[in-house]
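Participant: If you scroll down you'll find the structure; I have some questions about it.
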There are 2 protein chains.
Amino acid sequence: MAPKTDESTELKIKEAARKVFHSKGFAGAKTRDIAEEAGINLALLNYYFRSKQKLFEIIMLESMQQFMHSMSGVFNDMDSSFEEKLELIAERYLKLFSQEPDLPIFMLTELRQGQGAEVIKHINLRSILLESYFVKQYADLQAEGKIGPMPFLQFVLNLMSFCVFPFMAAPIIKHIGGLKDAEFTAMVEERKRLIPIWVQSMLRAD
Amino acid sequence: MAPKTDESTELKIKEAARKVFHSKGFAGAKTRDIAEEAGINLALLNYYFRSKQKLFEIIMLESMQQFMHSMSGVFNDMDSSFEEKLELIAERYLKLFSQEPDLPIFMLTELRQGQGAEVIKHINLRSILLESYFVKQYADLQAEGKIGPMPFLQFVLNLMSFCVFPFMAAPIIKHIGGLKDAEFTAMVEERKRLIPIWVQSMLRAD
DNA sequence: GTCTATAGGGGGATAGAC
DNA sequence: GTCTATCCCCCTATAGAC
C-alpha cells in the first residue's frame with residue numbers, strides 16, 4: 001500500500017464530495033457526510049478546500065466539464081458522418097449517465113438555483129455547441145434538402161432530452177413500469193439503438 | 001378588506017410554501033423564507049402545519065396531483081382521437097409548465113431523494129397511466145398496423161420528455177441560444193405545434 | 001389566531017495538539 | 001497532514017403573552 005500523500009487525500013475528498021453533492025445537491029449535502037464518505041475528519045476537508053462553497057464550485061466545474069468533454073469530441077470529429085454522430089452521441093451519453101445517474105438532475109438543479117449559476121459563464125458551452133462541425137453538417141443537410149427545417153436548437157434539445165430524461169425520471173419510470181434495475185438497464189440499452197432512428201424520422205417530418 | 005380568517009391564512013402559507021419549495025427544494029427552503037413570503041410570523045407556520053416536514057408533504061402531494069390532474073382528464077377522454085390527444089397533452093403540459101416552470105425539476109429531484117420518495121406510493125400513477133383509454137387507443141393502432149411496435153413506456157417517456165425538458169434546462173438553453181424570455185416563450189409556443197408532429201413521425205419510424 | 005422571545009440542535013468553520 | 005475539541009451562527013420548533 002502506498003503511503004498517503006497529499007494528492008491521494010485530496011482526491012479521496014473530491015470523490016466523496018462528488019458522490020454526496022450529486023445525490024443530495026448543495027443544500028442537502030453536509031460537510032460531515034462528505035468527510036465520513038471520504039474516511040477522513042471534518043477539519044481536514046477545510047484544510048484542503050477552505051469551505052463547502054469552494055469545494056462545491058470545483059465539483060460543479062468538473063461535472064460540467066465531464067459532461068461537455070463527452071460531447072465536444074464527437075461534435076467536432078471530422079471523420080464521422082452526421083448519422084454516425086447521432087449514434088455516437090446516444091451511445092456515449094447513455095453510457096455516461098448509466099455510470100453517473102445523478103449527474104443530469106444535479107447539474108440542472110444547481111444551474112437553476114443560485115449555486116451553479118455562475119459556473120455556466122466560465123464555460124464556452126455556446127461556442128462548443130454552435131460552432132462545432134456537427135452544426136455545419138446539420139446546416140449542409142438542410143441546404144441539400146435532405147432534412148427538414150427544424151431549427152438546430154430544437155433539434156439538440158430533443159436529442160439531449162432523449163438521452164437525459166430517462167435517468168432524471170428513473171424512480172417514477174421504475175414505479176410506473178414496475179421495472180427492476182435490470183429491466184431499466186435493458187430499456188436504456190434499447191434506447192441506444194432507437195434514439196438515432198427516432199431523431200432521423202423527426203428530422204424528415206416537418 | 002375582508003377579515004383574515006383561518007382559511008385565508010392557511011392558503012397564504014401554502015401558496016408561499018409552494019413557491020419556496022419549488023424554487024429551492026426541501027433542503028434549500030427555510031421556514032423563515034416561507035413565513036416571510038407569506039407575510040406572517042414563523043410561529044404561525046408551525047401553528048397551522050406542525051412542522052416543515054408536514055407542510056412539505058402537503059405541497060408535494062398537491063404538486064403531484066396537479067401534475068396528474070392535467071393528465072388523467074385527457075388520457076381518459078372518450079371523445080378525442082389518439083392524434084387529438086397528442087395535441088391536447090402538448091398544449092396542456094406546456095401551458096402548465098409555462099406557469100409553473102420549477103414544477104418538473106422540483107418533483108423529479110424530491111422523488112429521487114428521500115423526501116418525496118414515499119409520496120409516490122400513495123398515488124395510483126400506474127393505474128392512471130397504464131389503464132387509461134389512451135393506452136387502449138395506442139394498442140388498437142398498433143394492432144391495426146397504423147403505428148410501429150414502440151413499447152408504450154418508451155412512447156410516453158418520449159412524449160413527456162418533449163414537454164418537460166425545455167423547462168428543466170431553461171437556464172442553459174437561454175444561455176446557449178442567447179434567448180431572452182420572450183424568445184424562449186416563442187420557442188415553447190412552436191413546440192406546442194411541433195411535438196404532435198414529431199411524435200407521430202417517430203411512431204411510424206421503426 | 002397571531003405575535004415576541006427563546007430554547008434546542010445541527011452544521012460550517014477554526015484553534016491547537018500531535 | 002491529520003486529528004480532537006469547540007465556537008458560533010442559523011434554523012426548526014415551542015412557550016407564553018396578547
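Participant: If you take the residues in the stretch A:89-107 that are of a type in the set (A, V, I, L, M, F, W, C) and touching a residue at least 60 places away in the same chain (Cβ under 8 Å), which one is farthest from the other protein chains (Cβ to nearest Cβ)?
Facilitator: Looking at residues that are of a type in the set (A, V, I, L, M, F, W, C) and touching a residue at least 60 places away in the same chain (Cβ under 8 Å), I get A:ILE89.
Participant: A:SER72 fails exactly one of the following numbered conditions: (1) within 16 Å of DNA strand C (Cβ to nearest atom); (2) under 24 Å from A:VAL135 (Cβ atoms). What is the number of that condition?
Facilitator: (1)
Participant: Quick check on this structure: which one of B:ILE176, B:ILE128, B:ILE120 is at pLDDT below 95, in a helix (DSSP H, G or I) and more than 20 Å from the chain's Cα centre (by Cα)?
Facilitator: B:ILE176
Participant: Kindly indicate whether any position in the stretch B:92-100 is surrounded by fewer than 16 Cβ atoms within 10 Å (Cβ to Cβ) and over 28 Å from A:SER201 (Cα atoms).
Facilitator: yes
Participant: Still on this structure: Is there a residue being surrounded by 19 or more Cβ atoms within 10 Å (Cβ to Cβ), out of contact with any Ser or Thr (no Cβ under 8 Å at 6 or more places or on another chain) and within 10 Å of chain A (Cβ to nearest Cβ) anywhere in the stretch B:130-145?
Facilitator: No, there is no match, as no residue in the stretch B:130-145 is surrounded by 19 or more Cβ atoms within 10 Å (Cβ to Cβ), out of contact with any Ser or Thr (no Cβ under 8 Å at 6 or more places or on another chain) and within 10 Å of chain A (Cβ to nearest Cβ).
Participant: Could you tell me whether the stretch A:20-29 includes any residue that is more than 11 Å from DNA strand C (Cβ to nearest atom), assigned to a helix (DSSP H, G or I) and more than 16 Å from the chain's Cα centre (by Cα)?
Facilitator: No, the conditions are met nowhere in the stretch A:20-29.
Participant: Report whether or not A:ILE40 is within 15 Å of DNA strand D (Cβ to nearest atom), surrounded by 19 or more Cβ atoms within 10 Å (Cβ to Cβ) and either modelled with pLDDT of 95 or more or of a type outside the set (Gly, Ala, Ser) (or both).
Facilitator: no
Participant: So A:HIS69 fits all but one of (1) away from DNA strand D (no atom under 16 Å from the Cβ); (2) surrounded by 16 or more Cβ atoms within 10 Å (Cβ to Cβ); what number is the exception?
Facilitator: Just one mismatch for A:HIS69, condition (2).
Participant: A further question follows. Whether any residue in the stretch A:154-168 is at pLDDT 95 or above and either β-branched (Val, Ile, Thr) or surrounded by fewer than 16 Cβ atoms within 10 Å (Cβ to Cβ) (or both) is what I want to check.
Facilitator: yes
Participant: Only residues that are more than 14 Å from chain A (Cβ to nearest Cβ), more than 7 Å from DNA strand D (Cβ to nearest atom) and surrounded by fewer than 18 Cβ atoms within 10 Å (Cβ to Cβ): list them for the stretch B:15-37, please.
Facilitator: Correct list: B:GLU15, B:GLU36, B:GLU37.
Participant: Residues in the stretch B:46-57: is at least one within 18 Å of the chain's Cα centre (by Cα) and more than 15 Å from DNA strand C (Cβ to nearest atom)?
Facilitator: Yes, the conditions are met somewhere in the stretch B:46-57.
Participant: Which residues, counting only those in the stretch A:150-191, are more than 10 Å from every other protein chain (Cβ to nearest Cβ) and among the hydrophobic types (A, V, I, L, M, F, W, C)?
Facilitator: A:PHE155, A:LEU159, A:ALA182, A:PHE184, A:ALA186, A:VAL188 - these are the residues of the stretch A:150-191 that are more than 10 Å from every other protein chain (Cβ to nearest Cβ) and among the hydrophobic types (A, V, I, L, M, F, W, C).
Participant: If a residue must be in contact (Cβ under 8 Å) with a residue 12 or more places away in the chain and either assigned to a helix (DSSP H, G or I) or within 23 Å of the chain's Cα centre (by Cα) (or both), how many such residues does the stretch A:146-159 contain?
Facilitator: Selection size over the stretch A:146-159: 5.
The values are calculated or read from the model by the stated rules, or taken from the named source; none is laboratory data. Computed from a predicted structure; not experimentally measured. All Cβ positions, even for glycine, are placed from backbone atoms using ideal geometry, and neighbour counts span all protein chains on display.
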